[in-house]
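Student: One structure follows; several queries about it will come next.
The values are calculated or read from the model by the stated rules, or taken from the named source; none is laboratory data. Just so it is clear, the model here is predicted, and its values are computed rather than measured. So basically every Cβ, Gly included, is an ideal-geometry build from the backbone, and we count neighbours across all protein chains shown. Quick note on the areas: whole protein, heavy atoms, side chains included, nothing else; ligands and nucleic acids left out. Shrake-Rupley method; radii C 1.70, N 1.55, O 1.52, S 1.80 Å.
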Amino acid sequence: MSDSTGPRSDLRFRATTAFQRYVANPLMRRLPFHTLLETTGRVSGEPRRTPLGGRRIGDTFWLVSEFGERSQYVRNIKADPRVRVRIGGRWHHGTAHLLPDDDPVARLRSLPRANSAAVRALGTGLLTIRVDLTD
């Protein structure tokens, strides 16, 4: 697992999140079948949609945050765990749970390879998240 402290990881965090915020996320949100996580902004109260990778297993959706509790969507989950997940073009309501005791590297092995490789390569503080879907 990558080091989660120090100037190198801080630079990686800032560069990656800037690229995601201004380039990747706006493009990926437009793709009709890309998986999105919708949280409620902890300050604004507005819906916030984040493109991400993960896998649905039964009534549960699993993902790994590449920057753990530094990720804005994780901060939003901590403030309000009620979320929606768009999977295959369909929205599902759920409750998100942060799982700091889960092994995120092992969890990534069960998730889609392309996203998992990017999370492993760029991540500096991996955190497993489970969303219990209600519909």
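Student: Pairs only if they're at least six apart or on different chains, beta carbon under 9 angstrom, first in region 40-51 and in contact (Cβ under 8 Å) with a residue 40 or more places away in the chain, second of a type outside the set (F, W, Y); list them, first residue then second.
Tutor: That search, which allows pairs on different chains as well, returns T40/E46; T40/P47; T40/R48; T40/N76; T40/A79; T40/D80; T40/R82; T40/V83.
Student: Please identify the pairs in which a residue from region 113-127 that is closer than 16 Å to L99 by Cα and touching a residue at least 24 places away in the same chain (Cβ under 8 Å) has its Cβ atom under 9 Å from the Cβ atom of a residue that is assigned to a strand (DSSP E or B) and among the β-branched types (V, I, T), counting only partners at least 6 apart or on another chain.
Tutor: Between residues of region 113-127 that are closer than 16 Å to L99 by Cα and touching a residue at least 24 places away in the same chain (Cβ under 8 Å) and residues that are assigned to a strand (DSSP E or B) and among the β-branched types (V, I, T), the close pairs are L126/V64; L127/V64.
Student: Failed condition for V43, given (1) out of contact with any helix residue (DSSP H, G or I) (no Cβ under 8 Å at 6 or more places or on another chain); (2) of a type in the set (V, I, T); (3) within 25 Å of R14 (Cα to Cα); (4) surrounded by 18 or more Cβ atoms within 10 Å (Cβ to Cβ), with all others met?
Tutor: Of (1) out of contact with any helix residue (DSSP H, G or I) (no Cβ under 8 Å at 6 or more places or on another chain); (2) of a type in the set (V, I, T); (3) within 25 Å of R14 (Cα to Cα); (4) surrounded by 18 or more Cβ atoms within 10 Å (Cβ to Cβ), only one is false for V43: (4).
Student: Of the conditions (1) among the β-branched types (V, I, T); (2) modelled with pLDDT under 95; (3) open to solvent by 60 Å² or more (accessible area, probe 1.4 Å), I57 clears all except one; give me its number.
Tutor: (2)
Student: Let me ask you something else. Are any residues in region 25-42 modelled with pLDDT of 95 or more and more than 17 Å from I87 (Cβ to Cβ), and if so, which ones? If you could, list the steps in order and put the result at the bottom.
Tutor: Narrowing region 25-42 to residues modelled with pLDDT of 95 or more: 37-42.
If the condition is that a residue be modelled with pLDDT of 95 or more and more than 17 Å from I87 (Cβ to Cβ), then T40, G41, R42 are the ones that fit.
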